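*Asks:* Shown below is the structure under consideration.
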Amino acid sequence: MSDNSKSLIGTKNKMGQTYADIEDFFNGKIPKEQFFMTGSEIVKEAVKRSSVGMSISYPITPQSEAAALVGELWVEGYVDAYFRGEHEFAVMSECAGASLGGCRVFTTTSGPGTLRAYENFPMWSGGRLPIMLCLMVRGINSPLSIQPDTIEIGMLLDTGMLIWHAEDAQELFDFILKGYVVAEQPDVHLPIAVAIDGFFVSHTKEMVEIPSPDYCLLPYDPYRSPVPVMDMETAPMRVMRDPFVMKSNYISYMTHTSWQLEIRAAIERSRKYTRKLMGGSLIDVEDGDAEIILCTSGTAVSQSREAIRLMKAKGMDVGLVKIKSIRPFPTEEVKKALDKAKLIVVPELNISGWMAKEIKSTIDRNSRVMVGPHVAGGMTMPPEIIVEEIEKEIALRKES
Amino acid sequence: MRNYKVVAGPEAYLPPAAATMGVELPDEGGALIEGSLATEEEALEHAAKKFLEAKVPTLFPGPLVLWNWRDGVEKKAKAVRDMFETLKEVAIPGQRPMLIPMPDYRPKYPKIDAETEINPNHPNLTIWHNKIDVCMFVGVHCHFANISLKIIRGETNCYTVAMCAQHGHEDAMMTFRDASADKINQLSAKIRELAGK
């Protein structure tokens, strides 16, 4: 049973949008236009072109605006169903129901909302539900902060979800469209979190170039799912009957383990699709032969770029590795890209340093990794501070 | 890691998912034999040989070919049935071909009738009971095929073949992708050819 939806390419949906292949959104075949937009506004534009069946969210800063704008798409007719759940746990459970029923689903949340919904995320992956979660990250710890902090990404690492981290609004747009395509492959079929740093991306206007709204992604074909879609009218899907967790029929420990291994296998399988749509690699490398490499994701990359400019002006030999996909983690790419570096600096917008831990567990000679500099709770990370911390580290290493 | 081979078990208390050991699924037109890329023609020949050498060659049709739920399924189901008839026709003394369905995916506790069905949560029971040494999954939803195939590799010495309608199963010892009635018929024809019938 091949991908039946491909036969729809060139035909129109009920809104008059033409179904197009994902490649055509990015290879120049579909005309593009430039706009000055916030990350929240770009979410609306991406969802408009993504043939989304259902969107459910619960408002939380800084995600609220994006969720509200998706609601406008429902009024306009681009999204089939839209509502606000009771709270994030309910929202993510409702997303699961919609996805099990065969819908393409979009949701978005932030910080404490992510944690309130948390139980659902491994359930989504265990259920092989390719739900798109746009994560506009913010602080979660007490005392309260509504500002950007990437610690919640670190808490999602072992949920079985795909996790991509966009640096800016343009990448956010691209990742939403590409994310659906990768997540819905029958051999992948997993939920995907496309994360951005709240406020820095969600509430900041920047130039973006987006394809014409006259085109949209091919619809989701739930009948290619690796698990039965919950279609109670159509055999063989009625074989499901019980919810997939089989409430009255506990599975063996071995089945549970094999099941979880299969989720990890599905993450691995996503690599080839992701590489293809991300230009050949899960990372971007600039000046990769440099002695000092700054390696990070999200807006920490933007700050790192500026720090690199300052360091180069001082005559320092410095380059950049930008990590776009966190799950799957670009193990081989990172190993290769960091092989020659003498000092690897991992600036992060969180207190835990989860990215540095990921990198340290991936490469050999990991004492080369400088864990930090860190900021948290919404502090900005001025490039001058990155430079200062690197210079201190170099001096310390020389002393020792 | 790149040299990991997907071979008949019992492999380990907990065999890894082949994908996490570096085994990648084939692109269109390809197949996998024991974790290595192969052409579809090579795979047809390899699978046919395995079926002919087996003592209990068995087909495990799943829900996607057991119910006539979509155009084309009836033809595919007939191809599966024809393959079973082929296995019986070419069987030599001592060979016992079987056709055992996987009608649904809920565990059959406390006891499964291993003579008549297989279940993805404890596929080893059916394989042990019937002494199945070569089997083919067809029409099983991919997730359930993969969890079964790992359990089979861990617990039994059965050689597994996957005839997958989507992108294939690296947890089987060999896999076809984009399975169609024609592809199943080609496998039956290859079995006949190698059997000299």
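*Asks:* Among the residues of the stretch B:126-176 satisfying the criterion of being of a type in the set (D, E, K, R) and over 19 Å from B:Ile33 (Cα atoms), which is surrounded by the fewest Cβ atoms within 10 Å (Cβ to Cβ)?
*Replies:* Once the filter is applied, the top-ranked residue is B:Lys131.
*Asks:* Scan (1) facing chain A (nearest Cβ under 8 Å); (2) free of Cβ contacts under 8 Å to residues at least 40 places away in the same chain; (3) out of contact with any Asp or Glu (no Cβ under 9 Å at 6 or more places or on another chain); (4) farther than 22 Å from B:Tyr13 by Cβ for the single condition B:Ile92 breaks and write down its number.
*Replies:* (1)
*Asks:* Ok, one more. I'd like the full set of residues that are surrounded by 14 or more Cβ atoms within 10 Å (Cβ to Cβ), in a loop (DSSP other than H, G, I, E, B) and among the aliphatic types (A, V, I, L, M), limited to the stretch B:1-24.
*Replies:* B:Val6, B:Ala8, B:Ala17, B:Val23 - these are the residues of the stretch B:1-24 that are surrounded by 14 or more Cβ atoms within 10 Å (Cβ to Cβ), in a loop (DSSP other than H, G, I, E, B) and among the aliphatic types (A, V, I, L, M).
*Asks:* For A:Pro383, are the conditions met, namely being closer than 19 Å to A:Asp287 by Cα, in contact with a helix residue (DSSP H, G or I) (Cβ under 9 Å, 6 or more places away or on another chain) and in contact (Cβ under 8 Å) with a residue 24 or more places away in the chain?
*Replies:* yes
*Asks:* Looking at the stretch A:17-59 only, could you name the residues that are aliphatic (A, V, I, L, M) and modelled with pLDDT under 95?
*Replies:* none
*Asks:* Another question about this same structure. List every residue pair whose Cβ atoms sit under 8 Å apart, with the two residues 6 or more apart in sequence or on different chains, where the first one lies in the stretch B:1-29 and is more than 11 Å from every other protein chain (Cβ to nearest Cβ) and the second, anywhere, is in a loop (DSSP other than H, G, I, E, B) and among the acidic types (Asp, Glu).
*Replies:* What qualifies is B:Lys5/B:Glu34; B:Val6/B:Glu34; B:Val6/B:Glu170; B:Val6/B:Asp171; B:Val7/B:Glu34.
*Asks:* Among the candidates B:Asn185, B:Asn146, single out the residue that is assigned to a helix (DSSP H, G or I) and under 17 Å from B:Leu32 (Cβ atoms).
*Replies:* B:Asn146
*Asks:* Evaluate the following for A:Tyr78: is it at pLDDT 95 or above, part of a strand (DSSP E or B) and closer than 29 Å to A:Gly198 by Cα?
*Replies:* no
*Asks:* Still on this structure, I have one more. Restricting the search to the stretch A:351-371, which residues are touching a strand residue (DSSP E or B) at 6+ places or on another chain (Cβ under 7 Å) and either within 14 Å of A:Leu294 (Cβ to Cβ) or outside any helix (DSSP H, G or I) (or both)?
*Replies:* A:Ile351, A:Gly353, A:Met355, A:Ala356, A:Ile359, A:Arg368, A:Val369, A:Met370, A:Val371
*Asks:* Would you confirm, using the coordinates I've provided, whether B:Asp82 is in a loop (DSSP other than H, G, I, E, B), surrounded by fewer than 20 Cβ atoms within 10 Å (Cβ to Cβ) and away from every other protein chain (no Cβ under 14 Å)?
*Replies:* No; evaluated as a whole, the condition is false for this residue.
The values are calculated or read from the model by the stated rules, or taken from the named source; none is laboratory data. Here the structure is a predicted model, which means the values were calculated and not measured. With ideal geometry, Cβ positions are generated from the backbone for all residues, glycine too; neighbour counts draw on all protein chains shown.
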